[in-house]
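J.: Shown below is the structure under consideration.
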Amino acid sequence: MDTTNAMMLGLMLVIAGTFKCAHADPESWQLARLFEPTHAQLEAESKGRVMIYHGLTDTAVNRALDEQFHRVEAMMFTGTIVTDETGKPKHNPETGEVLVEDDGC
């Protein structure tokens, strides 16, 4: 393998690894946006932008409603995961699927 191909392969592996790590927890970017919004995100919200948060736990949603209430008009929650008293997702005893709140949609 020549140097150019080796460098390209190395670069591709780094990019693939970064992509995998960045998306390993689909909830993490939503939590960052919810609890640590950038100035640009806050500005967009002030102009009417609504962010739809999907698949967060009920504990995260409740925390957001307590801590970020001043931004509540810019939030919509769908597919909220029901958790037990330890914070772990509850499962349907018949199907084994994670329980999700009915969001009325």
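J.: Collect residues whose amide H, placed 1.01 Å from N in the peptide plane, falls under 5 Å from the amide H of H91; neighbours closer than 5 in sequence don't count.
T.: For H91, whose amide H was placed from the backbone, the distant partners under 5 Å are L99.
J.: With a/c under 1.5 counting as rounded, go ahead and sort the stretch 34-105 into rounded, prolate or oblate using the C-alpha gyration tensor (a ≥ b ≥ c being the square roots of the eigenvalues; past the cut-off, prolate if a/b is larger than b/c, else oblate). Before the final figure, lay out each step's value.
T.: Details: a/c = 3.19, a/b = 2.16, b/c = 1.48.
Prolate shape, in that a/c is at least 1.5 and a/b is the bigger ratio.
J.: Let me ask you something else. Sort 83-96, 60-73 for me by packing, meaning the mean count of neighbouring Cβ atoms within 10 Å per residue, highest on top.
T.: 60-73, 83-96
J.: Right, here's the next one. At 7 Å along Cα-to-Cβ for each site, give me the label-to-label distance between H70 and K47 in nm.
T.: 2.1
Bear in mind that the values in this text are calculations on the coordinates, not laboratory data. Small disclaimer: the values here were computed from a predicted structure and weren't measured. Reconstructed Cβ throughout: ideal geometry from the backbone, glycine too, with neighbour counts over all protein chains shown.
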